[in-house]
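A.B. asks: Structure in structure tokens, see below.
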Amino acid sequence: MNKLNNSLFFLGIIFCIYLTSCKDEYFYENNIPTGLGKSIYDYLQNEAYFTDYLRLIDDLEYAEVLAKTGSKTLFVADDEAFKRFYDNNPWNVRGYEDLSLAQKKLIMNSSMINNALLIENLSTIEGPVDGQVLRRATALSVSDTIPFETGSALPGNVYWDRFRETGIFLAKDNTPIPMLHFLESQMTAHNITNEDFSILFNGQSRSGDDAYIYNIKVKQRDIVCQNGYIHVLEEVLIPPSNMAEVILNAPETSMFSSFMERFAAPYYNATLTEQHSLLGGTDSVFVKGYFAERSSIVPLNSSVSCEDPNGNAVNNILLFDPGWNRYYSSNVSGSFQTDMAAIFAPSDEALRKYFETGAGRPLVERYGSIENIPNEILDKLIRNHTKSSFLGALPSQFHTIVDDAQEKMGVEKSHVDKVYLASNGAVYVMNTVYSPALYSSVMFPATINENMKIFNWAIDQLEFDAYLLSMVNYYSFLLPEDNFTYIPPTSYKYAPPQAWIFHYQPARNNMVVYASIHPYDPDTQAVGDSIGFVTNTAILKDHLEDMLDYHIVVGNIEEDREYYRTKGGGTIRVTHNNNRLQVAGGGDIARNTTIPVTEIYDQTKETNGRGNGKTYVVNQPVQTPLQSVYEILSTTKEFREFFILLQGNDDLWIGDDARAAKFGIFYRDASKAGMDVNVRFLNTYHYTLYVPTNEEVQKAIRNGLPTWDDVEATNDQDERDALAEKIVRFLRYHFQDNSVFIDKPAIADSTFYETATLNNLTKTFYKLKLEGGNYSLKVKTERTLNETDDTKIAHVKKDGGLFNIMARDFKFDTPSPQAATMIETSSYIVIHQIDKCLFFE
């Protein structure tokens with residue numbers, strides 16, 4: 001270090017002399033100053049054991065450069081290292097004379113940095129900040145090594161067909177290979193542990209202040225010369241290629257490489273073609289690029305689309321270009337120096353097991369072979385095994401790695417068979433395949449089956465994939481096959497009502513999904529011939545979103561019960577017929593139909609427990625309820641007396657909107673129509689309505705419950721209001737938050753549900769306590785909470801069949817239900833008849 005300081009001091013003096021000189025020519029440009037010791041070239045020449053490396057310098061005409069002042073750092077190998085290299089190397093050269101010009105350039109230029117750096121300064125970034133740099137640029141250029149390739153050496157996709165016989169000059173990237181190093185300060189700064197190092201170097205250990213260039217140890221460091229530094233390596237440095245090439249050439253990962261090569265294409269490069277011509281070449285030069293979100297070669301249209309060499313859009317792309325030597329993650333401000341990437345490449349054996357007996361088996365069954373699996377399916381598998389940060393994918397960080405659904409991926413150190421360090425990242429050869437969330441998800445069957453494209457399109461367009469890919473919940477997903485018939489709620493009140501048949505046909509006027517319109521007879525359920533089409537994407541998506549919400553259940557629908565709440569708050573019924581599942585929505589039950597399940601995909605079984613549920617294939621979608629509370633109560637004679645009270649007397653509040661809102665149960669929205677009229681206080685949720693028998697309502701009236709006739713007969717406004725409020729509070733007490741069905745499972749003893757009646761003293765809503773199970777239900781009020789006489793407690797009547805009746809109050813996008821096109825919002829209600837009125841007082 002003293003010698004270095006003296007040298008730098010002397011250089012500073014010379015520099016000052018140069019600045020004050022009146023001469024135009026810089027003397028030391030062609031002359032060596034005295035007192036600085038040997039140049040890099042002289043040092044190597046004076047030592048007896050750098051013969052081969054000196055031959056490289058001479059042959060590549062670097063002798064003059066390295067013999068004068070300058071700023072270079074060389075990582076050299078001695079003759080013993082070259083002897084070992086000739087005995088065993090990937091090029092099969094047996095002596096210096098066997099090296100080609102390109103090979104000489106690769107060895108020489110990849111071991112030279114155009115800056116003078118001590119080992120401890122290799123990891124220093126501008127600032128200066130120590131320990132941040134992982135990789136540095138070398139003197140190597142892309143034009144140093146441009147191989148000529150033909151035939152089977154080229155990827156197997158169609159973009160390469162025109163070059164198979166004639167061949168192609170192909171650069172593996174348009175950025176040069178950098179130098180990767182592992183130093184004590186860098187490892188400390190990035191929390192790279194010694195165990196990390198050992199796994200990355202396949203069992204090799206390090207100690208103290210060891211320094212490595214790739215996997216080669218620096219055995220002598222910081223040799224100070226007048227024009228830079230020399231560091232001596234234990235072995236000859238042949239820098240590895242990028243991760244794509246490493247995986248391509250590794251004997252353990254040929255299958256995974258074949259997957260990635262599907263996304264590779266040749267891109268013409270004018271700059272490299274010109275450089276090639278200066279060296280005597282006459283052919284065009286192309287660069288191998290990969291369709292990816294991040295690439296230095298492939299033009300990107302958006303975050304999900306890039307361009308092929310012909311300018312056509314490619315929508316199935318990788319996370320990043322695995323051939324990009326100077327890859328940098330998007331969050332590192334364009335610097336390749338401070339991080340790189342990682343790929344967890346499953347071994348051929350692991351992939352064979354995966355597709356033969358593991359989670360990949362359904363793909364082979366569906367497409368016939370691994371080779372036939374389309375890119376839009378396979379890209380998910382590749383993306384799940386690629387990670388944008390090497391530092392985030394260190395072995396000590398395996399427990400933090402997440403998959404494409406942002407769930408813990410389950411990577412363990414025992415899964416690593418071998419590691420290859422590449423120019424742009426680490427390649428972990430794994431004995432395990434990590435299924436992407438899609439393969440484990442209940443939406444997977446919609447992705448791979450040609451006759452389920454409509455729901456698959458809807459999932460993509462409406463971004464339901466983020467929901468269905470979650471591995472936190474267990475889902476039951478009802479998946480209808482294409483060309484299904486559905487009664488859209490918006491057209492149920494048309495004259496006549498309409499049914500839509502949904503179609504998937506990408507070639508039809510650029511429309512992927514459309515619906516044909518057909519007359520529908522609710523009485524006979526007959527569907528007529530087509531009378532038009534729905535092609536408005538917003539309208540189609542609105543109805544498909546409503547359908548998706550009604551076809552997803554969070555939980556298992558094969559438990560010991562019949563009724564299951566859907567994602568959207570509705571309820572479906574699941575029954576068995578000769579051990580075959582049948583499903584029905586509220587609309588199906590109203591018309592006395594069920595829909596058989598034709599096939600079940602058990603994603604938990606196929607993915608060894610990692611999946612998130614089951615997919616139930618049906619030939620028709622389950623139909624949402626199409627009747628409002630108003631329609632059901634007004635057309636059911638057993639509900640007549642309660643309905644009369646609910647209906648009220650609008651004439652009492654003419655011109656008094658405030659009282660109409662306070663005392664009216666039903667109402668019509670002037671701007672957002674429903675099927676007919678809606679319950680005023682229901683608000684985009686699910687509810688239960690208990691309707692007492694006609695006899696019990698009449699009994700309550702005889703016992704003092706006012707009627708609207710009583711209100712009308714009173715002239716005093718305060719008395720009118722008091723009577724009206726008593727009726728309304730009685731009615732609202734029969735509406736309960738949460739839909740509760742008569743079913744087999746018992747209801748928990750401590751279960752209370754809020755009603756729609758407010759306690760004026762506590763400012764909280766009165767509650768009901770429910771007790772039941774085995775298809776029975778008791779409803780206890782404030783008055784009967786501790787009642788032991790069962791005859792004084794309200795029960796749901798089962799003998800008349802008036803229970804579990806599903807209704808739905810809608811708000812559409814227009815003032816008239818005969819002109820509605822889209823659903824704005826809705827509430828689900830289940831209606832039960834009970835044998836007693838409910839009183840909170």
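A.B. asks: Among the listed pairs K744/K769; K541/K769; K493/K836; K769/K811; K614/K780, give every one whose C-alpha distance is greater than 29 Å.
C.D. replies: As for pairs spanning more than 29 Å Cα to Cα, those are K541/K769; K493/K836; K769/K811; K614/K780.
A.B. asks: For the full complex of protein chains and a 1.4 angstrom probe, list E61, E696, E234 by accessible area with the highest value first.
C.D. replies: Sorted descending by solvent-accessible area, the residues read E61, E234, E696.
A.B. asks: Which of the peptides 203-210, 216-223, 621-628, 258-265 is most tightly packed, and how do the rest follow, judged by the mean count of other Cβ atoms within 10 Å per residue?
C.D. replies: Packing proxy ranking, top to bottom: 621-628, 258-265, 216-223, 203-210.
A.B. asks: Another question, then. Is segment 129-236 rounded, prolate or oblate when judged by the Cα gyration tensor, a ≥ b ≥ c being the square roots of its eigenvalues, rounded requiring a/c under 1.5 and prolate requiring a/b larger than b/c?
C.D. replies: prolate
A.B. asks: Assign one of three labels to segment 216-299, namely rounded, prolate or oblate, based on the Cα gyration tensor with a ≥ b ≥ c the square roots of its eigenvalues; rounded applies when a/c is under 1.5, prolate when it is not and a/b is larger than b/c, and oblate otherwise.
C.D. replies: Judged from the Cα gyration tensor, segment 216-299 comes out oblate (a/c at least 1.5, b/c at or above a/b).
A.B. asks: Could you work out how far the C-alpha centroid of segment 609-631 sits from that of segment 39-75, in angstrom?
C.D. replies: One Cα centre to the other: 76 Å.
A.B. asks: Could you estimate the translational diffusion coefficient of segment 72-127 from the Stokes-Einstein equation, with Rh from the Kirkwood formula over C-alpha pairs, at 37 °C and 0.692 mPa s, in whole µm²/s?
C.D. replies: The estimated diffusion coefficient comes to 249 µm²/s.
A.B. asks: How much length is gained on full extension from I501 to E712, taking 0.36 nm per residue of separation minus their Cα-Cα distance?
C.D. replies: 70.9 nm
A.B. asks: So what J values fall out for segment 213-226 if you push phi through Karplus, 6.51 cos²θ - 1.76 cosθ + 1.60 with θ = phi - 60°, rounded to Hz, Gly and Pro as x?
C.D. replies: Per-residue couplings from phi come out as 9, 6, 9, 10, 7, 7, 9, 9, 10, 6, 7, 7, 10, 5 Hz.
A.B. asks: Now for a different question. Quick one: net charge around S241, please, counting Lys, Arg +1 and Asp, Glu -1 for every other residue with C-beta under 9 Å from its C-beta.
C.D. replies: Surrounding charge for S241 is -1.
A.B. asks: Quick check for me: using +1 on Lys/Arg Cβ and -1 on Asp/Glu Cβ, what's the dipole size of the chain about its Cα centre, in debye to the nearest 20?
C.D. replies: 760 debye
A.B. asks: May I ask which of K104/K288; K637/K798; K38/K83 have a Cα-Cα span longer than 21 Å here?
C.D. replies: K104/K288; K38/K83, as the Cα separations exceed 21 Å there.
A.B. asks: Shifting gears a bit: Within segment 45-137, which trypsin sites (Lys or Arg not before Pro) sit in a loop by DSSP and count at most 15 neighbouring Cβ atoms inside 10 Å?
C.D. replies: Within segment 45-137, the qualifying trypsin sites (Lys or Arg not before Pro) (loop, at most 15 other Cβ atoms within 10 Å) are R94.
A.B. asks: Rounded to the nearest 10 Å², what accessible area does D130 show when all protein chains are kept and the probe is 1.4 Å?
C.D. replies: D130 has an accessible surface of roughly 100 Å² with all protein chains in place.
A.B. asks: Quick check on the chain: helices-only [θ] at 222 nm, where DSSP H runs of length 4 and up contribute -39,500 (n - 2.57) each and the sum goes over total residues. Nearest 500, please.
C.D. replies: -7000 deg cm²/dmol
A.B. asks: With no solvent and one point per C-alpha, what does the Debye sum give as log10 I(q)/I(0) for segment 473-627 at q = 0.21 Å⁻¹?
C.D. replies: Relative scattering, expressed as log10 I(q)/I(0), comes to -1.39.
A.B. asks: Of the peptides 322-330, 787-795, 478-486, how do they stack up when ordered by the mean number of other Cβ atoms within 10 Å, highest first?
C.D. replies: Packing order, densest peptide first, comes out as 322-330, 478-486, 787-795.
A.B. asks: Right, here's the next one. Residue by residue, what Karplus-based ³J(HN,Hα) values in Hz, rounded to whole numbers, does segment 206-212 have, using 6.51, -1.76 and 1.60 with θ = phi - 60° and x for Gly and Pro?
C.D. replies: Coupling constants for segment 206-212: 9, 8, x, 9, 4, 10, 10 Hz.
A.B. asks: Determine the shape class of segment 75-176: with a ≥ b ≥ c the square roots of the Cα gyration tensor eigenvalues, call it rounded for a/c under 1.5, and otherwise prolate if a/b is greater than b/c, oblate otherwise.
C.D. replies: oblate
A.B. asks: Here is a follow-up. Can you give the net charge of the other residues whose Cβ lies under 10 Å from the Cβ of K811, counting K and R as +1 and D and E as -1?
C.D. replies: -3
A.B. asks: What net charge do the residues around F82 carry, taking every other residue with its C-beta under 13 Å from that of F82, with Lys and Arg at +1 and Asp and Glu at -1?
C.D. replies: After counting each charged neighbour, the total is -4.
A.B. asks: Tell me the GluC sites (Glu not before Pro) within segment 410-480 that lie in a loop according to DSSP and have at most 14 other beta-carbon atoms within 10 Å.
C.D. replies: Sites meeting the loop and neighbour criteria: E412, E463.
A.B. asks: Looking at segment 132-225, which GluC sites (Glu not before Pro) are in a loop (DSSP not H, G, I, E or B) and have at most 10 other Cβ atoms within 10 Å?
C.D. replies: Passing both the DSSP loop test and the Cβ count: E165.
A.B. asks: Tell me the relative contact order for the chain as a rounded percent, counting alpha carbon contacts under 8 Å between residues six or more apart.
C.D. replies: Contact order relative to length: 8 percent.
The values are calculated or read from the model by the stated rules, or taken from the named source; none is laboratory data. All figures in this text were calculated on a predicted structure; none of them were measured in a lab. So basically every Cβ, Gly included, is an ideal-geometry build from the backbone, and we count neighbours across all protein chains shown. To get the accessible areas, we keep the full protein, side chains included, count just its heavy atoms, and leave off ligands, DNA and RNA. Shrake-Rupley method; radii C 1.70, N 1.55, O 1.52, S 1.80 Å.
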